[in-house]
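Remarks on the structure that follows.
Values quoted throughout were computed directly from the atomic coordinates according to the rules given, and no laboratory measurement underlies them. Note that the structure is predicted; figures quoted are calculated from it, not measured. Virtual Cβ from ideal backbone geometry, glycine too; neighbours counted across all protein chains shown.
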Amino acid sequence: MGETITPVVRSLLIACVAAFALQLWQEPVIITWFALWNPQTGLFRPWQLLTSAFLHGGWIHLLINCMVLYSFGPVLERLLGPSRFLAYFIVSAIGGAVLQVLAQNWGLSAAAYSLGASAGTSGLLLAFAMAYPRHKIMIFPIPVPVSAWICVAIFAGASLVFALTGMAAGIGHFAHLGGMLGGLLLSLYWRARATR
């Protein structure tokens with residue numbers, strides 16, 4: 001996007017990197033207390049619905065989420081304003097965590113725990129596609145620019161298929177879907193309030 005980094009995006013990036021550094025230093029403790037645990041393990045705590053969004057499963061996982069946040073976050077922060085942008089990211093992250101926990105309870109996800117900012121960044125992708133549906137984005141491995149709404153529709157559809165079939169195990173597909181759903185519900189709420 002070429003956008004200059006904005007304050008909330010900068011803070012979220014720092015939080016993700018700092019949390020990952022802490023995780024590398026004290027991994028067993030950090031994972032036990034702050035990753036999102038399947039309630040059936042007995043290790044679930046309510047704060048994990050948010051804290052798990054700042055932990056990651058490795059350098060590549062961290063890099064991908066930070067790249068999405070850096071690429072799409074600034075333009076959305078300017079559009080929504082810092083407070084609403086932060087609220088949107090948090091609601092998306094928690095929405096993803098809630099759906100992931102429900103999937104675990106329903107036996108649709110076998111993961112003992114999950115972590116990552118993917119729910120929050122999935123919500124941001126949806127917000128960008130809603131605000132700028134025809135903006136062209138390059139996505140690997142497609143060799144031509146694709147409209148934002150098509151990219152997000154493909155991502156959501158793939159996440160749904162993978163979530164329900166168990167393909168691409170080890171990735172929080174339900175968290176991606178929950179992040180988009182949380183962001184959508186908050187957007188609809190804001191829109192309803194604005195029309196009163």
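What's the angle, to the nearest 10 degrees (0 to 90), between helix 7-25's Cα axis and the longest principal axis of the chain? With both axes taken from Cα atoms, the answer is about 20 degrees. For the chain, the longest principal axis of the alpha carbon atoms and the long axis of helix 59-80 meet at an angle near 40°.
For the chain, averaging the sequence separation of C-alpha pairs within contact (under 8 Å, six or more residues apart) and dividing by the residue count gives a relative contact order of 24 percent.
Compute the helix-to-body angle for 148-165: its Cα long axis versus the longest principal axis of the chain, expressed 0 to 90° and rounded to tens. Tilt of helix 148-165: around 20 degrees.
Using the Cβ-Cβ distance between Tyr189 and Met138 with R0 set to 30 Å, the FRET efficiency from 1/(1 + (r/R0)^6) comes to roughly 0.40. Were the residues from Val146 through Ile60 laid out at 0.36 nm apart, the gain over their Cα-Cα distance would be 28.6 nm.
Between region 7-41 and region 114-153, what is the separation of their alpha carbon centroids in Å? Value for the Cα centre distance between the two parts: 24 Å.
Basic side chains Lys and Arg get +1 at the Cβ, acidic Asp and Glu get -1 at the Cβ, and with that the dipole of region 7-194 about its Cα centre reaches some 520 debye.
When the chain is treated as a GNM with alpha-carbon contacts under 10 Å, the residue of Leu177, Leu160, Leu36 showing the greatest mean-square fluctuation is Leu160. By other beta-carbon atoms within 10 Å, ranking Trp33, Trp106 with the fewest at the front produces Trp106, Trp33.
Counting neighbouring beta carbons within 10 Å and listing from fewest to most, the residues Leu186, Leu164 come out as Leu164, Leu186.
Among Thr51, Thr32, which comes first, second and so on when ranked by fewest other beta-carbon atoms within 10 Å?
Fewest-to-most ranking of Thr51, Thr32: Thr32, Thr51.
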